[in-house]
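Here's the structure we're looking at; comments come further down.
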Amino acid sequence: MSLTKKILSQVPGDALGGLRKVDRLWENLKQNTAPTPAAVKHSQQPLETIDFDIVIGGGTLGILIGTALAVRGWRVALLERGILRGREQEWNISRKELDAFLELNLLTAEEIDKAIATEYNPARISFTNTPDIWVRDVLNIGIDPVYLLETLKQKFLQAGGKLFENTPFKTATIHPNGVIIESENTENPLFSTRLLLDAMGHFSPIVRQARQGKKPDAVCLVVGSCAQGFPKNETGDIFASFTPMQNQCQYFWEAFPARDGRTTYLFTYIDADTERFSLETLFEDYLRLLPEYQNVELEQLKFQRALYGFFPCYRQSPLKMPWNRILPVGDSSGSQSPLSFGGFGAMVRHLKRLTLGIEEALTSESLDKNSLALLQPYQPNLSVTWLFQRSMSAGMNQKIDANQINQLLAAVFQVMEELGEPVLKPFLQDIVLFPALSQTLFKTAICHPGLVMKIIPQVGIANLLDWMVHYVNLGIYTGLQPLGKAVEPQVKKLGVEQQYYFHRLVEAWEYGAGGDY
């Protein structure tokens, strides 16, 4: 019996069956065999009545923005395919990012404190044969999703929001003045709205139709568990690696204290080549390497949960919707960094920006596809991370030294540590700042020229030239950022539509330069 079968048989629920179900989705993605849905249609007939300003498909993270819009007085309906309830596994985030809930009047300070299930310090970055790097207050908060979502759900309902559980999205028909959403719930089959928000994630039928079967440019595979019995559980690992490349990829690790044990993840960046291994294979390696990683025997551990998934990434991001009156948010938008898992943290980061932007779009009736695309703008500080992701992976038939990726990352993180927290901390939270990036690149090139030269053939000249465009744009956006604040008083004299366009431009500069940090 494999380690995976042995351990997952101890986990409550059908963990092995769940893993294999996700593996079938991963296989379909590699083979590109999944049919393209016909989820969005058109009609030239105007709607006579419209019941909602916003309908949101996907409740788990959709409740965040749904509540934010409902408390501001908009008519919001939220469609959830099952029962809206948070998972048991905590969501990790940095405390400062939780301020968005206060600013949008979603949670009180007391409710935020109650939502925090775990908090630890410090966190480690670790590579073989190099000193560990320790940081404080980065991704060190574990939020209880069950409490958070239930609290937001009650506030959503109190604000007049309409929640429809067990109501899977089926199709959307776009009319000149609104959208009709058809669900698979026979008791609540139709919803009419001015704007449809797609918060159904990477595998939303709307997203799949918009992408027209295009395979992702990269994928992050993740497996892990939450278990009890670890001898030490006071600190965390944000990023750790202790093995050379294997299975034609580099393995990376994370670890966090959890309310009911310790969560450990193994993840890797790969392409979607048909020869890539399965999640079950990765889980087997996770269990094989976990004792060495955490200095513990598997027999000492009591496994509470198994964790597994894959996260597709596309270079052409955020996703531009080809339809009016539909806006993707969260993972549906593809606007998360290719280095991160997206999800909760990415949603919270953009929550205030999206809430205020959607409100302006509705007020000014800026609901055509080009106007809505401004709410998910090009962000050079995310686009530059594609080269980082590429430098942490290898093609299926690419030959590189087995220790090259670890050596490069160890050198870069050492340089960032020497440059100080203003350089290191933003990067660890998926925010790339032009001054910090420039300092890191310059010092790495001076101190480690040999490693830098090895990267060029690994990532390819074309990718390097493409990256240079985003790097230059990052500098331009950084320079433009103060301009928006300077002319804001004059903008208030403009009409609502002109204000909408100006605010989206200023936000693009701010978020595109990492100015929201």
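Go through segment 314-332 and give me each residue that's closer than 13 Å to LEU197 by Cα and part of a loop (DSSP other than H, G, I, E, B). It would help to see each step written out before you state the result.
Step one: filter segment 314-332 for residues closer than 13 Å to LEU197 by Cα, giving 321, 323-332.
Matches in segment 314-332: MET321, TRP323, ASN324, ARG325, VAL329.
Name the strands (runs of 3 or more DSSP E) wholly within segment 159-217 that hold at least 1 residues that are exposed (fewer than 15 other Cβ atoms within 10 Å of the Cβ)?
Working: elements: 162-164, 169-175, 178-183, 190-198.
Result: 190-198.
Given the structure, is LEU149 modelled with pLDDT of 95 or more and assigned to a helix (DSSP H, G or I)?
Numbers: modelled with pLDDT of 95 or more: yes; assigned to a helix (DSSP H, G or I): yes.
Spelling it out, LEU149 is indeed modelled with pLDDT of 95 or more and assigned to a helix (DSSP H, G or I).
Of the residues ASN381, ASN397, which single one is open to solvent by less than 30 Å² (accessible area, probe 1.4 Å) and either modelled with pLDDT under 95 or within 18 Å of TYR517 (Cα to Cα) (or both)?
One residue alone meets the criteria, ASN381.
Residues of segment 218-256 being in a strand (DSSP E or B) and surrounded by fewer than 17 Cβ atoms within 10 Å (Cβ to Cβ), which ones?
Scanning segment 218-256 gives GLN228, GLN246.
List the strands (runs of 3 or more DSSP E) that sit entirely inside segment 1-88 and contain at least 2 residues that are open to solvent by 10 Å² or more (accessible area, probe 1.4 Å), touching a residue at least 24 places away in the same chain (Cβ under 8 Å) and in contact with a strand residue (DSSP E or B) (Cβ under 8 Å, 6 or more places away or on another chain). Before the answer, list the steps.
Working: elements: 40-42, 52-57, 76-79.
Qualifying strands (runs of 3 or more DSSP E): 40-42, 52-57.
Any residue at all in segment 125-141 that is within 30 Å of ALA34 (Cβ to Cβ) and under 24 Å from the mean Cα position of the chain (by Cα)? Show your work before the answer.
Our first condition is that a residue be within 30 Å of ALA34 (Cβ to Cβ); within segment 125-141, this holds for none.
So far as segment 125-141 goes, no, none of its residues is within 30 Å of ALA34 (Cβ to Cβ) and under 24 Å from the mean Cα position of the chain (by Cα).
The values are calculated or read from the model by the stated rules, or taken from the named source; none is laboratory data. Everything numeric here is computed off the predicted structure, so don't read it as measured data. When we count neighbours, we look across all protein chains shown, and the Cβ atoms used for this are built from the backbone with ideal geometry, even at glycine. For the accessible areas, the whole protein counts, side chains as well, though only heavy atoms, and no ligand, DNA or RNA atoms are used. Shrake-Rupley method; radii C 1.70, N 1.55, O 1.52, S 1.80 Å.
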